[in-house]
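**Student:** Sharing a structure, written as structure tokens. Questions coming.
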Amino acid sequence: MKKIFHQALYAALLLLPLTASAAAGKDQNLLGVYREGGWVMHLLLVCSIAMVWLIIDIWLRTTRAKMTPDEDVTMAQELFRAGDYLGAYQAMKGSLSPFAEVVRAGLGSIGYGKVATEEAIYATVDKLSSTLQTRINYLSVIGVCAPMIGLLGTVGGMKGAFGSLGGAGLSSGVGELAGHIGEVLVATAAGLLVAIPAFMAFYFLRNKLQGAIHHLHEKSEHLFRNTPYDYLKDADVGQEETYAALPNWLQAPEG
């Protein structure tokens, strides 16, 4: 996690001022251009760090090696072939991969029949998909908010520029106004810089997630194909503690 954050920070620090400098059309150092954008550049820097961090994090989370690790798939297949469903549950319980979580949910409902098992698998896959999709949606939020933040800085800078023009008079303030306008547009350019890659990453990672979830669902369903549900009826494979009991107003049978 720290490594991903550091990568995002370095990328954002390089990306934001560099492009803003190109947009300003001046031969300035990065720190100078960053200062030209005003206080909103601090907010845009935070947005750019969050954007890069989300892109790296979601990319790593949606790889097949992370979603359906080969070692987890192979272990589950071997235990299923041996009919060791209890061992498969414990093995998947010891893993943190999404595949292990889906298989564990299916095994926990295997004693209730095929329909219950498939529903448990689908519900878990849907939960994992929703969790990752929520992270991806944050990129869309950044893409919408970043131009508005840049525009806010531009409007604030323009207000100050026109204020200085009114105080100095038209003859002496035109050149100063032009300089102010060039400076405040840096904030707008920086906002667009953050928004454009955020939206591109949003659509790309959304499609990547759909492919990863489809592969996860396919691998999980394939594992439970031809499961002998008749022999596993009422089996408590999960062996988890249950909390539901008979209503306390019922009398226990005498004797």
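We did not get these values from a lab; they are worked out from the coordinates using the rules stated. Since this is a predicted model, take the numbers as computed values, not measurements. We place every Cβ from the backbone using ideal geometry, glycine too, and count neighbours over all the protein chains shown.
**Student:** In nm, to one decimal, how far is the His215 label point from the Met148 one, both placed 7 Å along Cα→Cβ?
**Tutor:** For the pair His215/Met148, the computed spacing is 3.6 nm.
**Student:** Sort the following peptides by mean Cβ neighbour count (other Cβ atoms within 10 Å, averaged over residues), highest first: 96-106, 39-49, 126-136, 186-196.
**Tutor:** Working: 96-106: 22.5, 39-49: 20.5, 126-136: 15.1, 186-196: 24.1.
Going by the mean number of other Cβ atoms within 10 Å, highest first, we get 186-196, 96-106, 39-49, 126-136.
**Student:** Further question: In segment 200-239, what is the volume of the convex hull around the alpha carbon atoms, normalised per residue and reported in Å³? Walk me through the intermediate numbers first.
**Tutor:** Working: hull volume 3.3 nm³, N = 40.
Value for segment 200-239: 81 Å³ per residue.
**Student:** If you don't mind, there's one more thing I want to ask. Let me check I have the definition right: for segment 67-135, take the eigenvalues of the Cα gyration tensor, multiply each by 5, take square roots. What are those semi-axes in whole Å, largest first? The partial results should precede the final answer.
**Tutor:** On the way: eigenvalues 82, 50, 13 Å².
Output for segment 67-135: semi-axes of 20, 16, 8 Å.
**Student:** Continuing with this model, one more query. Okay, which of segment 180-224 sit inside 11 Å, backbone N to the point 7 Å along the Cα-Cβ direction of Ser140?
**Tutor:** Label zone hits: 202-203, 206.
**Student:** If the chain between Ala244 and His222 were fully stretched, how many nm would it gain, using 0.36 nm times the residue separation less the Cα-Cα distance?
**Tutor:** Extra length available between Ala244 and His222 comes to 4.7 nm.
**Student:** Provide the per-residue ³J(HN,Hα) series for segment 108-122, in order, calculated from phi with Karplus coefficients 6.51, -1.76, 1.60 and θ = phi - 60°, each as a whole number of Hz, with x at glycine and proline positions.
**Tutor:** These are the phi-based 3J(HN,Hα) values: x, 10, 5, x, 9, x, 5, 4, 5, 5, 5, 5, 5, 5, 4 Hz.
**Student:** How much FRET efficiency would the formula 1/(1 + (r/R0)^6) give for Ser130 and Ala235, where r is the Cβ-Cβ distance and R0 is 35 Å, rounded to 0.05? The partial results should precede the final answer.
**Tutor:** Working: r = 30 Å, r/R0 = 0.84.
So the FRET efficiency works out to roughly 0.75.
**Student:** Please compute the length gained on full extension between Gln90 and Val46, using 0.36 nm multiplied by the number of residues separating them and subtracting their Cα-Cα distance.
**Tutor:** Values: separation 44, 0.36 × 44 = 15.84 nm, distance 4.20 nm.
Going from the current span to full extension adds 11.6 nm.
**Student:** Then there is this: Describe numerically, in nm with one decimal, the distance between label points set 7 Å from Cα along Cα→Cβ at Trp39 and at Leu192.
**Tutor:** 2.6 nm
**Student:** Here is a follow-up. Would you kindly derive the ³J(HN,Hα) couplings of segment 143-152 from the backbone phi angles with the Karplus curve 6.51 cos²θ - 1.76 cosθ + 1.60 (θ = phi - 60°), listing them in order in whole Hz, with x for Gly and Pro?
**Tutor:** x, 7, 7, 4, x, 5, 5, x, 5, 4
**Student:** I want to check the label-to-label distance for Ala116 and Arg81. Put each point 7 Å from Cα in the C-beta direction and report it in nm to one decimal.
**Tutor:** 2.9 nm
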